Structures are given as structure tokens and as C-alpha cells.
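Enquirer: Sharing a structure, written as C-alpha cells. Questions coming.
Quick note: the coordinates plus some simple rules give every number you see, no bench work behind them. This one's a predicted model, so the numbers in the text were calculated from it and none came from an experiment. Methodologically, a virtual Cβ is constructed for each residue, glycine included, from the backbone with ideal geometry; neighbour enumeration extends over all protein chains shown.
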Amino acid sequence: MVFDRIDKIKDYFRGIELTNGVRIVNVTYPPKWGVYPSDDETIKVAKSEDKVNEWFYYGDCELVTFSDMFDLIDNTIEMNVSAEAKLELLNAKFDELKHLFATEQLEKLQTLAFVFNEPKKTKKRKTKKKIEENNVIEQVIVEENDEKINNENNIDGNE
């Protein structure tokens, strides 16, 4: 529903309009955010001439739905929020590197390597069905091992 989509971007949303066969969504983004049209250019983007950081997404009613426009706006927001988080992390890591280079010897710094730590995996809780399946498998293994031991004992006893 359109109201749900508006609520999702409420911090940026400024207005919606349908006029002369053109759908328009008006948003305001923080400074330095990147803004782009849709890949197929059915949704275009224009910067406001009157207000700083205000943008208009627009497209022909026969080619574009408001949902399409909100999808593009959602992607724009996600891309920019991610870029800001990456830049913040880069700056933090740069500060760490500056500290290392100021305090460590050159020989040690020459061994510096960049590696990724694997994210911690969350433990999955076993369901009752999974526990029952594991118990059946364990029982089969025990029975097979018992049978193998009995067969080995019979062979040893016959010799």
C-alpha cells in the first residue's frame, strides 16, 4: 500500500503527485548523497531549482507505477546509507592504521596483512523432528556396529 511505502521513507518524503499523466514523488536527501534514475530510464530524477537537496522522481503513468518509484527511492536510500557506513568504517580503520604506523617499528609494519574474520555463526535450535531424525540415525549406527561385532565374533569363533 502506498501509505506503508511513504511511512517507510518518512524521513525523506516530501510529497506525491499525479498530474498530466506523470507520476511524481518528491524527496529530500542529506547533502552529498548520490541520486540516479532507473536503469531503463523510465523513472527520471530532477534536482529542485528552489530547495537544496530536494529531488523529484518522475515517470509516465503508462510506464511506471508508484511502487516502482518507491523501489528506486528505497534502493537509493540503502545505497547511500551503506556508503556512509563504509566511509565511517574506513575513517575508523585509517585512524587505527595511523596509530599503528606511529607506534610500531618498520620491520613489524612490513608484515602487516589484511584479513577478514569470519562472522560468528548463530547456533540454530534443533527442532523436535530434527532431534528424532538424529536419534534414529544414531540407533541405526549402533545396530550396524552391534551386528558387525557379532559377525566378527562368529567368524572368530568358527576358526
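Enquirer: Going by amide H atoms built from the backbone, whose H comes under 5 Å of the H on Ile43, apart from near neighbours?
Expert: Under 5 Å from the amide H of Ile43: Ser38.
Enquirer: In which sequence would Glu104, Glu49 go, from the one with the fewest C-beta neighbours within 10 Å to the one with the most? Provide the component values of the computation, followed by the final result.
Expert: Values: Glu104 13, Glu49 6.
Lowest count first: Glu49, Glu104.
Enquirer: Going by how many other beta carbons lie within 10 Å of each one, how would you line up Trp33, Trp55, fewest first?
Expert: Numbers: Trp33 17, Trp55 21.
Listing Trp33, Trp55 from fewest to most nearby Cβ atoms yields Trp33, Trp55.
Enquirer: Which order do Asp71, Asp39 fall in if you start with the one that has the fewest other Cβ atoms within 10 Å? Show your work: numbers first, answer last.
Expert: Values: Asp71 14, Asp39 8.
Ranked by crowding around the Cβ, least crowded first: Asp39, Asp71.
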